[in-house]
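Student: One structure coming up, written as C-alpha cells, with questions to follow.
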Amino acid sequence: MEDHSCREEQPGTEEFFEQVAELVLLRKIFPEDDEPVTTDVDLSKLDKLVAQAVEMAGKKLNEETSLKNKEQQAEGLKKYVNQKGSKPTVETGSIERDVNLKKRGAQKRKEWEYDTPEGLKPAKRTKEVEHKVQNRIGIDGVNCITDTWNLLDEKVANHYKNWFDLNKDENDDFRYWQCCDGIIDITKDELKRIIQEGEITSNTIRVCLAMLKEKVEKKKVSGRFLDIEAVRAAVVHEQKLKEFLAGGGKQGEFKCNELDIELSIINPLWSIFSKDVVFIPVHHGVNHHYTLVLIDNKARCFYHLNSMLPPRKDYSADTNNHFQNAMTVVKHIMVFIKHVYDSTKYPLSQGLDPEEWRENYDKQDSQGIVVDDYSMMSAEEKRTRRWMLDQNVYQASYQLSDILSCPQQKKIS
C-alpha cells in the first residue's frame, strides 16, 4: 500500500488557478528594460504550478470534448427514435448499426432473418397485396393465358395437361367425361373451350346442371330443375314484344311463343313448384351465357345468380340486361301462381272439379292463339296445388334479387 503521508496536498481547482495567477503577475516582464522583476517567490514552484495548469486544462478540454460528442450522439439518437418510433436505449445506436450491417449482408445472401429485438426493428410499411398462386403449366394447342387456367390448382392443372398429352392424337369429339346415364358428356373440344374461356356449348351447361343435380341429391335437398332451354322462349317473347310496342303495336295484338311458354314453363311448374328450391337456368342468347334463377320457397323469394356481373360501382338492376331477362322469367312464374289461385276463385266449365282438373294450354288455333283446355291432374300436381293454397303463395309477394356475392368469372366483377 502506498504511503500518502508525504504526498503534497493538491489544491482545489479555484485555489490552484488563484495561485497561478498570483505567481504569473509577480513574474511579469517589463518591456522597457527587458529585465524580469523577481521576488523571493520560489520559481520552481511556479514552473510546477504552470505544468499542472497545462495538464488540468488538457484534461478539462478532453472532458468537454467527450461530453459534447455524447450530447451530439444523444441528439442524433433522439432524432432517429422520433423518425423510426423505436424505444430509446443507451445501446440503440450500436445495435442499429449492427442491424443495418446484418441487413445488408442478408440482402446479398437472399436471407432476411437477423436477430434484432422487436422494439428496435424499424417500423415496416405494410402493403396489402392479394396473393394468388398462379400455375405455370401449359398445354400444347390450348391457350392457357386465362384467369380460369392461371388460378387453377396445380394438381388439377396437371391432371388436364396429362390427359391432353395422353390423347393428343384424338379428334375433338373424343370424350373426356360422360354422365352416368350416358346421355350427356364433355368432349375434348368442349374442355378446351372451358380452359380458353371460349364460347361454350349448351351441352357443357347440361353437364354442369347434371353435376349440380347429383350434389342436390347427395345433400338430400328438396329441389327440382327446369330444362336449360325452358325459359328461352319467354326471354325471346319479351324481347320481340318490346320491339313490337316500340314500332307502334298494341299489347293485346302481339302473339309470339305463347304456346312454347305454356309448354316449357307453366306445365312443368305444376309438378315441381312445391319443392324447397326450384332451379331455372336462363339462356340469354349472348355468347351462350347462362344464369340461374332460384325459387326459394322457404325464404319466399326469387334469387338470381349471374357469374358475369358488372363492377359493383357500375351495377344497376334497372339497366342490367341479365337481371331484366330474369325478371321476364319471374313474370311468367307469377302467371302460373295466379292460374293456381284462379282455380279456387272461378269455377271450371262443364262442372269439372278443381281438385281433380286444371286448365291446360297446350294447343293453339290456326291464327296462333292458344286455346284453353282441361286435363286431369296427376298426384304430384294435386300436391303442388294444395301446398300453394295452404301456404298462401299468391299473397306472399315473392321478390327477385341479384346475389352480388355470386362467384365471378372476371376479376373486374
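The values are calculated or read from the model by the stated rules, or taken from the named source; none is laboratory data. Predicted, not measured: the structure shown is a model, and the values here were computed from it. When we count neighbours, we look across all protein chains shown, and the Cβ atoms used for this are built from the backbone with ideal geometry, even at glycine. Please note that ligands, DNA and RNA were not included when accessible areas were found on the heavy atoms of the full protein model with its side chains. Shrake-Rupley method; radii C 1.70, N 1.55, O 1.52, S 1.80 Å.
Student: Does segment 353-369 hold any residues that are buried (at least 16 other Cβ atoms within 10 Å of the Cβ) and either at pLDDT below 85 or outside any strand (DSSP E or B) (or both), and which are they?
Tutor: Result: PRO354, GLU359, ASN360, TYR361.
Student: Can you list residue pairs whose Cβ atoms sit under 9 Å apart, with the first residue in segment 211-227 being of a type in the set (D, E, K, R) and the second being in a strand (DSSP E or B)? Count only pairs 6 or more apart in sequence or on different chains.
Tutor: Filtered contacts from segment 211-227: LYS213/GLY223; LYS213/PHE225; LYS213/PHE279; GLU217/GLY223; ARG224/VAL277; ARG224/VAL278; ARG224/PHE279; ASP227/PRO281.
Student: Another question about this same structure. Here are some conditions: (1) in a helix (DSSP H, G or I); (2) open to solvent by less than 70 Å² (accessible area, probe 1.4 Å). MET211 meets all but one. Which one does it not meet?
Tutor: Among (1) in a helix (DSSP H, G or I); (2) open to solvent by less than 70 Å² (accessible area, probe 1.4 Å), MET211 violates only (2).
For (1) open to solvent by less than 90 Å² (accessible area, probe 1.4 Å); (2) modelled with pLDDT under 85; (3) in a loop (DSSP other than H, G, I, E, B); (4) not aromatic (Phe, Trp, Tyr), each residue gets a yes or a no:
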| residue | (1), (2), (3), (4) |
| --- | --- |
| GLU130 | no, yes, yes, yes |
| THR148 | yes, yes, no, yes |
| LYS161 | yes, no, no, yes |
| ASP172 | yes, no, yes, yes |
| TYR176 | yes, no, no, no |
| CYS180 | no, yes, yes, yes |
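Student: In addition: Does segment 190-205 contain any residue that is in contact (Cβ under 8 Å) with a residue 60 or more places away in the chain, closer than 29 Å to ILE137 by Cα, hydroxyl-bearing (Ser, Thr, Tyr) and not in a loop (DSSP other than H, G, I, E, B)? Break it down into steps so the answer makes sense when it comes.
Tutor: First, pick out the residues of segment 190-205 that are in contact (Cβ under 8 Å) with a residue 60 or more places away in the chain: 197, 199-202, 205.
Those left that are additionally closer than 29 Å to ILE137 by Cα: 197, 199-202, 205.
Checking which are hydroxyl-bearing (Ser, Thr, Tyr) leaves us with 201-202.
Remaining after also requiring not in a loop (DSSP other than H, G, I, E, B): 202.
Yes, the conditions are met somewhere in segment 190-205.
Student: On to the next question. Considering segment 232-280 alone, what residues qualify as being in contact with a His (Cβ under 8 Å, 6 or more places away or on another chain), modelled with pLDDT of 85 or more and of a type outside the set (Gly, Ala, Ser)?
Tutor: ARG232, VAL235, ILE265, ILE266 - these are the residues of segment 232-280 that are in contact with a His (Cβ under 8 Å, 6 or more places away or on another chain), modelled with pLDDT of 85 or more and of a type outside the set (Gly, Ala, Ser).
Student: Exactly one condition in (1) hydrophobic (A, V, I, L, M, F, W, C); (2) loosely packed, with under 15 Cβ neighbours inside 10 Å; (3) within 23 Å of LYS338 (Cα to Cα) is not met by LEU245; state its number.
Tutor: Failed condition: (3).
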